[in-house]
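Q: One structure, as structure tokens, below. Some questions next.
The values are calculated or read from the model by the stated rules, or taken from the named source; none is laboratory data. On a predicted model such as this, the values are computed, not experimentally measured, just so you know. Cβ coordinates were reconstructed from backbone atoms using ideal geometry, including for glycine residues, and neighbour counts include every protein chain displayed. We work out accessible area using only protein heavy atoms, side chains counted, and drop any ligands, DNA or RNA first. Shrake-Rupley method; radii C 1.70, N 1.55, O 1.52, S 1.80 Å.
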Amino acid sequence: MAIERTLSIIKPDATRRNITGKIVDRLESAGLRVVAQKRLQLTQAQAEGFYAVHRERPFFNDLVSFMISGPVVVQVLEGENAVAKNREVMGATNPANADAGTIRKDFAESIEANSVHGSDSAENAAIEIAYFFAQTEIVG
Ligand code: RTP
Ligand code: MG
């Protein structure tokens, strides 16, 4: 199996509730390793750039406002099939549809304030990792 890297973001609803450690525990317990991590207050421009693919979606402005409403923790996760593994541990976008035992089922507040982001493909993971991290900041 391929060792991959993926970008994870612990969103402002989770930093606000002081549950970043609980979320990292779920990721590590699933076999994902945190090989880079920093806490950031995103600017509007950073959040808009990160979510540029959603620019035309009706929820775009609300999403950007939410993502700059407090600190986030951005992480690079490494492990076997890290992209799919992380998505599995996160659960469905809407916590109402998320499987039992997933991060979003257990911690998300709503479809928007859903506690975590995870890259949706290996290709996007590479782009998203480079958006936040220099190579020298990633220590595997
Ligand atoms: P993410 O990108 O954050 O990992 O989440 P995702 O792939 O499961 O969901 P995506 O469709 O990429 O949407 C990105 C984020 O936008 C917010 N959202 N709000 N109000 C709404 O209907 C709505 N739909 C999506 C969520 O924060 C979602 O994670
Ligand atoms: Mg997405």
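Q: Pairs under 8 Å by beta carbon, first residue within 8 Å of ligand 1 (Cβ to nearest atom) in the range 106-120, partner open to solvent by 60 Å² or more (accessible area, probe 1.4 Å), six or more apart or different chains?
A: Taking only residues 6 or more apart or on different chains, the pairs are Ile111/Thr93; Ile111/Ala96; Glu112/Phe59; Glu112/Asp62; Asn114/Thr93; Gly118/Arg87; Asp120/Arg87.
Q: What are the pairs, 6+ residues apart or on separate chains, where a residue within the range 81-97 that is closer than 11 Å to Ala30 by Cα has its Cβ under 7 Å from a residue that is part of a helix (DSSP H, G or I) and open to solvent by 20 Å² or more (accessible area, probe 1.4 Å)?
A: Listed pairs, sorted by first residue: Val89/Arg26.
Q: Right, here's the next one. Name every residue in the range 48-73 that is open to solvent by 20 Å² or more (accessible area, probe 1.4 Å) and outside any helix (DSSP H, G or I), in order of residue number.
A: Arg55, Glu56, Arg57, Pro58, Phe59, Ile68, Ser69, Pro71
Q: Taking the range 92-140 as the region of interest, how many residues are within 16 Å of ligand 2 (Cβ to nearest atom), farther than 21 Å from Asp62 by Cβ, assigned to a loop (DSSP other than H, G, I, E, B) and among the small types (Gly, Ala, Ser)?
A: 2
Q: Quick one: in the range 3-43, of everything that is assigned to a helix (DSSP H, G or I) and small (Gly, Ala, Ser), which residue is surrounded by the most Cβ atoms within 10 Å (Cβ to Cβ)? Write out each step before concluding.
A: In the first step, residues of the range 3-43 are kept if they are assigned to a helix (DSSP H, G or I); the result is 12-16, 20-29.
Within this subset, residues satisfying the condition of being small (Gly, Ala, Ser) are 14, 21, 29.
Values: Ala14: 25, Gly21: 8, Ser29: 9.
Ranking the qualifying residues of the range 3-43, first place goes to Ala14.
Q: For the range 94-101, state whether one or more residues are farther than 29 Å from Val139 by Cα, of a type in the set (Asp, Glu) and touching a Lys or Arg at 6+ places or on another chain (Cβ under 8 Å).
A: Yes: the range 94-101 contains one or more residues that are farther than 29 Å from Val139 by Cα, of a type in the set (Asp, Glu) and touching a Lys or Arg at 6+ places or on another chain (Cβ under 8 Å).
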